[in-house]
């Protein structure tokens, strides 16, 4: 006869209602059952002082060590008895292993990949500013505790015009941006929260609903569906949890009412999904911890496209709200415990088999190599940010793009990484070939062919295109290449012999595979639309400039081709912006400084001037530094920049560095007022002038390369006009 011990942190079984049901079912199944807590275990004589249910009451008995332990207590409260539990687990099989909280389960599913596309993109909230940026991409969001249970503590936040509606249960509170920030910061001091886009499942009558999938292992150790049932929220509420006033319905009548002739197929989809997810989580537990799980409750939603979304996974769900279903849950639990007691050797072999299969199934890691005259670092940051939403990603550091850096990266990439995102820089022919010989890309991006380093190529962009083409020749010849359809010089790239697939990005080219349109400047970044995965999607990036939309498109293409969802892509685009790339400083008297002081070449200068022109509400001041390595093209390119300054209607032009006065001369010749043009080679004199020139509400662009130390001028302005 199998002896089952129910372990709980409470000493008195009368305070644990389900203990009665387990005792009764165990007796019916022919097993001996007793209840105990960790303090009653005696390892010397291998006995436990437990409680046995006899003749309608619990009676204390000294019991031998059981054949299996049904693990029913709280992990947090049982943690106080860690030593006892560890010794018990070394001798006796346990049921019901923890798979963690909402956040850890989501991360586990991301790493497992198979069900990652069903996860709603989520982020741990650091501060209120992060939440506000999140709302720039997703106007309706869910803000909920990491360790919340039973639907408690969940807030629905929606932006309407310049105010925010915060719904809690059925109550709506309106906040200004400042009030919302204060509210969020207060909540974060109490406990950790996560953010999610709001995925809405709504009945025909307008009520929010979800499905609870309750799945268990049976007496043969196989996963079975205990029940699937809908939970419907009260009118006006977004929480379908029963503890928050929601109610349940029978599955078939609900599906027939809501989905008509598709009801049967949707039921089969839910059944297949529940069993598949249970098996997947079970295998992940085997691989990571050498344990098996035996019961999960999954809450899922279904959007307007009938796509399933995982809201939450519980490893110890409450019993369904019907007595006969509670008995089903208990019966499966007892029968599985008996199976576990008798099949330890078989189950250990199963765990070893799953681990072996996992190792053998590890696919080659995608390596994304990024080169181009401009946009490499920002594109890399976008790509890594999106992929990291469900993968462990190796990302090269900001501006680490030499071959020596690539050698260091080769030593740092490990089998634990799911993808590598690398930047391949070059100033001369042959450099990118060396990059590829160290780490060969499977996916390559050529952002554009511009004038950076053109002086090293006799002033001919075709020479740069040839050097950049080394990534095409050096990558996996059956891989994926992404190029810019709007960039005229990219037509010189040597793609003729490439055997892989080529995809294009663009804004103006209607034939681009990934095309953005309806670009808009906002206070915090750029918004745009595009057709992706059969839908028209709105996207937002927290960085200014049309040129950065191209960088975002490159990353969208990579993520889409690797199977990421549109929501994961939207979330990943809220990336950590590389430093000194069109960074805004809000100073006193309404003064704004635009810091773009990492690289400088003609295309980048014009792009930065576009940003200045689009965001300035009053006077526009451009401070432009020297552009190096232009060779014989310097004079012609400086003239074009000067003409562009005049075309945009910039109010003040200040140039700094060797021969940069040529920009001012060209602007003057094009009709720019000469009294508003200044030139310096002495930084101190430049700063003295700024003290006299800068006015209230000015927007000041500082553009220049790191080598010209233009960031010193940004620091000067920040100190001079600090709030």
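Each reported figure results from applying straightforward, stated rules to the coordinates on display, with no laboratory input. Being a predicted model, the structure only gives us computed values, none of them experimental. Reconstructed Cβ throughout: ideal geometry from the backbone, glycine too, with neighbour counts over all protein chains shown.
Below are the figures for this structure:
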| read-out | value |
| --- | --- |
| Value of relative contact order over the stretch 123-197, rounded to a whole percent, pairs C-alpha under 8 Å and six or more apart | 41 percent |
| Förster radius 51 Å - calculated FRET efficiency between residue 113 and residue 160, Cβ distance, rounded to 0.05 | 0.85 |
| Distance cut-off 44 Å, percentage of C-alpha pairs in the chain lying past it | 38 percent |
| Distance (nanometres) between label positions extended 7 Å along Cα→Cβ at residue 495 and residue 364 | 2.2 nm |
| At 1.002 mPa s and 20 °C, Stokes D of the stretch 367-572 from Kirkwood alpha-carbon radius, µm² per second | 126 µm²/s |
| For the stretch 220-275 versus the stretch 568-614, the gap between their alpha-carbon centres in whole angstrom | 48 Å |
| Estimated distance in nm for a label pair at residue 57 and residue 262, the labels positioned 7 Å out from Cα along Cα-to-Cβ | 5.9 nm |
| Value at 222 nm in deg cm²/dmol, rounded to 500, when DSSP H runs of n ≥ 4 in the chain each add -39,500 (n - 2.57) | -11000 deg cm²/dmol |
| Taking the chain and dividing mean pair separation by its residue count, relative contact order in percent (alpha carbons under 8 Å, at least six apart) | 9 percent |
| Antiparallel %, DSSP beta bridges [both residues in the stretch 525-609], to 5 | 100 percent |
| Using alpha-carbon coordinates, inclination of helix 128-137 to the longest axis of the chain, degrees | 80 degrees |
| Burial ranking of peptide ranges 686-694, 619-627 (average Cβ count within 10 Å, highest at the top) | 619-627, 686-694 |
| Relative contact order, percent, the stretch 27-98 [alpha-carbon distance under 8 Å, six or more residues apart] | 26 percent |
| Fully extended contour minus Cα-Cα distance, from residue 715 to residue 185, at 0.36 nm per residue | 187.8 nm |
| Distance between modelled label sites at residue 478 and residue 177, nm, 7 Å Cα→Cβ extension | 5.2 nm |
| Counting DSSP beta bridges with both ends in the chain, the antiparallel % (nearest 5) | 60 percent |
| Among 53-64, 262-273, 364-375, the order from most to least packed when residues are scored by Cβ within 10 Å on average | 364-375, 262-273, 53-64 |
| Fewest-first sequence of 409, 508, 676 by Cβ atoms within 10 Å of each Cβ | 508, 676, 409 |
| DSSP-defined beta bridges in the stretch 3-91 - what % are antiparallel, rounded to 5 | 55 percent |
| Folded to 0 to 90 degrees: helix 323-342 orientation relative to the chain principal axis, Cα | 90 degrees |
| Amide N proximity, the stretch 330-351 versus residue 20 label position 7 Å along Cα-to-Cβ, cut-off under 17 Å | 330-331 |
| The stretch 1-45 shape via C-alpha gyration tensor axes, a/c threshold 1.5 | oblate |
| Helix 546-561 axis, angle to the chain major axis (alpha carbon atoms, nearest 10°) | 30 degrees |
| Computed lengthening from residue 272 to residue 74, 0.36 nm per intervening residue step minus Cα-Cα distance | 68.3 nm |
| Full-extension gain in nm, residue 205 to residue 640, via 0.36 nm per residue minus C-alpha separation | 150.5 nm |
